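Below: one structure, written as structure tokens.
The values are calculated or read from the model by the stated rules, or taken from the named source; none is laboratory data. Quick caveat: nothing in here was measured; it's all calculated off a predicted structure. Cβ placement follows ideal geometry from the backbone for every residue including glycine, while neighbour counts extend to all protein chains displayed.
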Amino acid sequence: MATSVQDLLDLIVDAATTAIGDAVAADAAVRALGHLGRALERAADDSEPATRERARRQLTVWELATACRIVAAQWPSASGRVPELAAATADAVARSAPRLDPDQRWAVATEVAVAARHCAESAQRFRPYAEVPALTRVQRLAALVQQVARVDPSGPHGRACLDLPVAAQPVPQRARATDVADAAATLVLAVDRSMRDGDLTMRTALAACAAAESCAQHASAVAGMLAGRSPSAPAYSRVPDSWRLLQATLLRFDDGSRYAAPSASALTEHALALHHTVATLAANHEAIDQVATAMRYVANQLPTIAECVETAVVGWTGTGRLFAKARAMPRSEERVSEFIADRAVIVRPPEIGPVLLVARAAQRQSAALAVELDRTAGYVGRQPQPNLVRALAATLPSQVGISRRANHLPDYAPAAAPAPSR
């Protein structure tokens, strides 16, 4: 399964808890504290003006981070699985920290504090280290962070970042449940990175949307099967429709990439890999637990793709990169001459409203699908990203409202995707 910060921290806790109390394991646990201290420093590095509650959070996290770094500096270098996992966690937090808001930083810090407490306890199980004051201080400060978190916890949105993928592995040709999760994580990371770097083009965005449509089609069928309903029920069938509508809307526009000379694109290859792995896995009706778990992971990623596409469209319009035929744009007095001559025009920010509407509809419908798949997680398979799906559920007002919007999706489809020019 693709790795997240929460996965890495869980592995650290498991390894530290089961480690034998010898000198090698103790030294490795202390070494891990140094990396966890680095992760805490990045989680607490918040440049925004701090409120009183946020200042209390920052103070406790900084004290724990300092204690971890001090105790690690007093020990000789050591290697092992626990410090390797801690180093990977610190690197992942460092990469994502600039994009995290205060609530997300606090969620990361509280989970890292749990891992730091277990590492300190693991080190003190070695009798010569049992009374080391520096290790005892780490345990006390980690417990303090957890106490503050119980009084002032992070919300579902904050904890969602713990489940976001931080790394992905190459996808083999033969699809297994873990391969599907890796393929989904690879595509989401590629779309997010391209969007943030300004490299996402209309061509690659359409490829990502096509893969999302395929995933939504298979995920809605699995959701219907798990719920004992027909896969053609409106609550499920409308999710792929929202992605088809988004593609139809985007086809009205171009940024110069759609009709350029074909060139190899890593993001397009990731989209194709996800499509093939999902289709292969969905055809496997024997390992239903693995299929359900993998499809939950895939469905959880779809809202992120829609959000990235929406952000990219806003960025293209703001920089004047997006153009379209005048007859494919909303009617306006300023475009009369261009409409008559059927000329291409630069798209202005007020004219992308229908596109943003459809992208948000795809995001909402995909979130509803992920929540629906989560309903059966206790019976068939498991939920690989509980924090993320809780955050998605918090964005949906009610299940009744979700179904109502799903049933009325085509009502605004003509406005979002006007008829082709003749």
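Among the residues of the range 222-249, write down those that are surrounded by fewer than 22 Cβ atoms within 10 Å (Cβ to Cβ), assigned to a helix (DSSP H, G or I) and at pLDDT below 90. Walk me through how you get there before you give the answer.
Narrowing the range 222-249 to residues surrounded by fewer than 22 Cβ atoms within 10 Å (Cβ to Cβ): 224-235, 237, 241, 244, 247-248.
Next, from what is left, pick out any that are assigned to a helix (DSSP H, G or I): 224-227, 234-235, 237, 241, 244, 247-248.
Across the range 222-249, the qualifying residues are Gly224, Met225, Leu226, Ala227, Pro234, Ala235, Ser237.
Scan (1) crowded, with 21+ Cβ neighbours inside 10 Å; (2) at pLDDT below 90 for the single condition Ala361 breaks and write down its number. Of (1) crowded, with 21+ Cβ neighbours inside 10 Å; (2) at pLDDT below 90, only one is false for Ala361: (2).
Residue by residue through the range 324-336, note down the ones that are of a type outside the set (Gly, Ala, Ser) and buried (at least 17 other Cβ atoms within 10 Å of the Cβ). Hits for the range 324-336 are Lys325, Arg327, Met329, Arg335. Listed by first and then second residue, the pairs linking a residue in the range 120-143 that is farther than 17 Å from Gly34 by Cβ to a residue that is at pLDDT 95 or above, with Cβ atoms under 7 Å apart and 6 or more places separating them unless they lie on different chains, are Ala143/Arg117.
Among the residues making up the range 116-170, those that are over 30 Å from Leu272 (Cβ atoms) and in contact with a Leu (Cβ under 7 Å, 6 or more places away or on another chain) are Ala116, Cys119, Ala120, Ala123, Gln124, Tyr129, Val138, Leu141, Ala142, Val145.
Given the conditions (1) at pLDDT 90 or above; (2) at positive phi, which single one is not true for Gly381? Going through (1) at pLDDT 90 or above; (2) at positive phi one by one, Gly381 breaks only (1). Is it the case, given these coordinates, that Val314 is surrounded by fewer than 24 Cβ atoms within 10 Å (Cβ to Cβ) and in contact with a strand residue (DSSP E or B) (Cβ under 9 Å, 6 or more places away or on another chain)? No. Sub-9 Å Cβ pairs linking a first residue in the range 267-290 that is surrounded by fewer than 20 Cβ atoms within 10 Å (Cβ to Cβ) and part of a helix (DSSP H, G or I) to a second residue that is modelled with pLDDT under 90 and polar (S, T, N, Q), at least 6 apart or interchain, are His276/Gln173; Gln290/Thr178; Gln290/Asn284, ordered by first then second residue. Taking the listed residues Gln74, Gln124, Gln104, the one that is buried (at least 17 other Cβ atoms within 10 Å of the Cβ) and closer than 24 Å to Asp22 by Cβ is Gln124, with no other qualifying.
Candidates Glu351, Glu307: the one that is among the acidic types (Asp, Glu), buried (at least 17 other Cβ atoms within 10 Å of the Cβ) and under 16 Å from Ala208 (Cα atoms) is Glu307. When the test is whether a residue is within 20 Å of Gln247 (Cα to Cα) and part of a loop (DSSP other than H, G, I, E, B), Arg331 does not pass it. Flag set for Gln301, criterion: assigned to a helix (DSSP H, G or I), modelled with pLDDT of 90 or more, closer than 18 Å to Leu373 by Cβ and among the polar types (S, T, N, Q). Regarding Ala116, is this residue in contact with a Cys (Cβ under 8 Å, 6 or more places away or on another chain), at pLDDT 90 or above and in a helix (DSSP H, G or I)? Here the answer is yes, as Ala116 does meet what is asked. Can you confirm whether the range 397-409 contains a residue that is at pLDDT 70 or above and surrounded by fewer than 21 Cβ atoms within 10 Å (Cβ to Cβ)? Within the range 397-409, one or more residues are at pLDDT 70 or above and surrounded by fewer than 21 Cβ atoms within 10 Å (Cβ to Cβ). Sub-7 Å Cβ pairs linking a first residue in the range 58-70 that is closer than 12 Å to Arg137 by Cα to a second residue that is not in a helix (DSSP H, G or I), at least 6 apart or interchain, number zero. Every condition in (1) surrounded by fewer than 24 Cβ atoms within 10 Å (Cβ to Cβ); (2) modelled with pLDDT of 90 or more holds for Cys161 except the one numbered (1). Scanning the range 78-111 for residues that are without any contact (Cβ under 8 Å) to a residue 40 or more places away in the chain and more than 16 Å from the chain's Cα centre (by Cα) returns Glu84, Asp91.
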